[in-house]
Amino acid sequence: HRHGAGRGARDLLCVATGHRGVGGALVLDGRLHTGSSGLALEVGHLAVNPEGRPCHCGSRGCLDVEADPLALLIEAGREPGPEVSLLRQAEDLIRDHYADPTVRRATEALIDRLGLGLAGLVNILNPDRIILGGLHRTLLDADPERLRAVVADRSLWGQSGSVPILPCTLSHNSLVGAAELAWQPVLDDPLGALR
């Protein structure tokens with residue numbers, strides 16, 4: 001929100017997947033939205049495939065199990081190995097084997113599911129931009145027009161083309177965000193924090 005691709009956004013939606021699952025964050029009017037109990041934006045449990053894989057939350061077809069690295073490997077018919085993280089395996093698969101029709105179809109399936117979820121969030125939240133991290137950044141890089149088309153086709157605000165979808169540009173974004181949250185009271189009221 002302050003340093004990377006989200007710099008200058010007042011209403012920012014960030015969605016990312018790392019090793020497993022999908023997470024999100026929302027900045028509203030320049031402030032992190034945490035919800036009533038600090039658990040806002042569990043975007044991983046947004047259903048994008050009603051007939052999809054069972055999710056650990058008890059539902060089916062959540063983004064957590066339909067648009068994360070394991071989902072890509074399963075969709076592409078690849079057995080995950082223990083040698084490197086699932087995220088690395090999924091990103092390497094897209095980068096090194098995207099020309100393979102099976103990998104391309106698997107990637108497109110994840111892009112479509114992610115786009116469906118993002119479209120729903122755009123309809124509800126009306127952000128001024130969306131930032132994607134982790135495997136989602138790699139999906140955006142693989143076929144940016146497909147992802148943008150799915151979001152535009154399924155969302156009122158996306159149809160106007162006014163919701164940019166951008167890759168996260170910070171390599172250690174969670175660490176930067178955590179540090180800034182810890183310092184937020186000082187940033188908000190420097191003199192009060194010194195008292």
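The values are calculated or read from the model by the stated rules, or taken from the named source; none is laboratory data. Computed from a prediction, not measured in an experiment: that's the story for all the values here. Virtual Cβ from ideal backbone geometry, glycine too; neighbours counted across all protein chains shown. The area values use the complete protein model at the heavy-atom level, side chains included, leaving out ligands, DNA and RNA. Shrake-Rupley method; radii C 1.70, N 1.55, O 1.52, S 1.80 Å.
Need the failing condition index for E51 against (1) at pLDDT 90 or above; (2) in a loop (DSSP other than H, G, I, E, B); (3) under 19 Å from the mean Cα position of the chain (by Cα), just the number.
(3) is the only condition that E51 fails.
Given the options A76, A25, A90, A71, name the one that is touching a helix residue (DSSP H, G or I) at 6+ places or on another chain (Cβ under 7 Å), closer than 15 Å to G133 by Cα and either among the β-branched types (V, I, T) or open to solvent by less than 50 Å² (accessible area, probe 1.4 Å) (or both).
Matching residue, one of A76, A25, A90, A71: A90.
Using the structure shown, decide if G44 is without any contact (Cβ under 8 Å) to a residue 40 or more places away in the chain and either within 16 Å of the chain's Cα centre (by Cα) or not in a loop (DSSP other than H, G, I, E, B) (or both).
yes
Here are some residues: A16, A47. Which one is among the aliphatic types (A, V, I, L, M), farther than 21 Å from I131 by Cβ and open to solvent by 20 Å² or more (accessible area, probe 1.4 Å)?
Every option except A47 fails the conditions.
Among L135, L118, L114, which is the only one that is over 17 Å from V150 (Cα atoms), surrounded by 15 or more Cβ atoms within 10 Å (Cβ to Cβ) and not basic (K, R)? Explain how you work it out, then say what you get.
Numbers: L118 fails: over 17 Å from V150 (Cα atoms); L114 fails: over 17 Å from V150 (Cα atoms).
None of the other options fit; the residue is L135.
Output the qualifying pairs, or none if there are none: Cβ atoms under 8 angstrom, residues six or more apart or on different chains, first residue in region 122-148 and over 25 Å from G30 (Cβ atoms), second residue open to solvent by 70 Å² or more (accessible area, probe 1.4 Å).
Qualifying pairs under 8 Å: T138/R95.
Being among the basic types (K, R) and in contact (Cβ under 8 Å) with a residue 60 or more places away in the chain narrows it down to one residue among R10, R104; which is it? Quick ask: steps written out before the conclusion?
On the way: R104 fails: in contact (Cβ under 8 Å) with a residue 60 or more places away in the chain.
When all the criteria are applied, what remains is R10.
It is to be established whether one or more residues within region 165-185 are open to solvent by less than 20 Å² (accessible area, probe 1.4 Å) and over 17 Å from A9 (Cβ atoms).
Within region 165-185, none of the residues are open to solvent by less than 20 Å² (accessible area, probe 1.4 Å) and over 17 Å from A9 (Cβ atoms).
Taking the criterion of being under 30 Å from L187 (Cβ atoms) and either in contact with a Ser or Thr (Cβ under 7 Å, 6 or more places away or on another chain) or of a type in the set (G, A, S) (or both), would at least one residue in region 43-57 satisfy it?
Looking for residues that are under 30 Å from L187 (Cβ atoms) and either in contact with a Ser or Thr (Cβ under 7 Å, 6 or more places away or on another chain) or of a type in the set (G, A, S) (or both), one finds at least one in region 43-57, hence yes.
How many residues are among the hydroxyl-bearing types (S, T, Y) and surrounded by 19 or more Cβ atoms within 10 Å (Cβ to Cβ) when one looks only at region 93-111?
1
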